[in-house]
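Remarks on the structure that follows.
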């Protein structure tokens, strides 16, 4: 799993983990919460089977524009809809706290392998 930052308008929104395989897409299962977010590239729907907490999901277009936001309790399913090519999952309430809304243009900035630090 790769690490990075989620940005909006050049400002850091949160720390980000990026699922690189189908197995990594379930990274939030088994956890009791989430401080940052998980980026799921290439998905058009998400489910919360076996999750211990509710999540917010920002469904993204190919250019990382937020096209839909949903809140899912455990054992639920949400489909992003037309034009969705990925999603960002985080703990319920986080997207609202961060001010992420439909229409926002997001950016993913990777942390280079072996790099350490507190920001991009």
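The values are calculated or read from the model by the stated rules, or taken from the named source; none is laboratory data. Keep in mind that what you see is a predicted model, and the values were worked out from it rather than measured. Every residue, glycine among them, receives a Cβ derived from its backbone with ideal geometry; neighbour counts consider all protein chains shown.
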Legend entry - Members of the stretch 63-76 found to be touching a helix residue (DSSP H, G or I) at 6+ places or on another chain (Cβ under 9 Å) and exposed (fewer than 15 other Cβ atoms within 10 Å of the Cβ), listed by number: 71
Inset, instruction - Among the residues of the stretch 91-120, count how many are at pLDDT 95 or above, crowded, with 19+ Cβ neighbours inside 10 Å and assigned to a strand (DSSP E or B). - result: 1
Inset, instruction - Kindly establish whether residue 79 is within 23 Å of residue 8 (Cα to Cα) and either surrounded by 14 or more Cβ atoms within 10 Å (Cβ to Cβ) or modelled with pLDDT of 95 or more (or both). - result: no
Legend entry - Subset of the stretch 34-62 (residues that are farther than 15 Å from residue 85 by Cα, surrounded by fewer than 22 Cβ atoms within 10 Å (Cβ to Cβ) and within 10 Å of the chain's Cα centre (by Cα)): 36
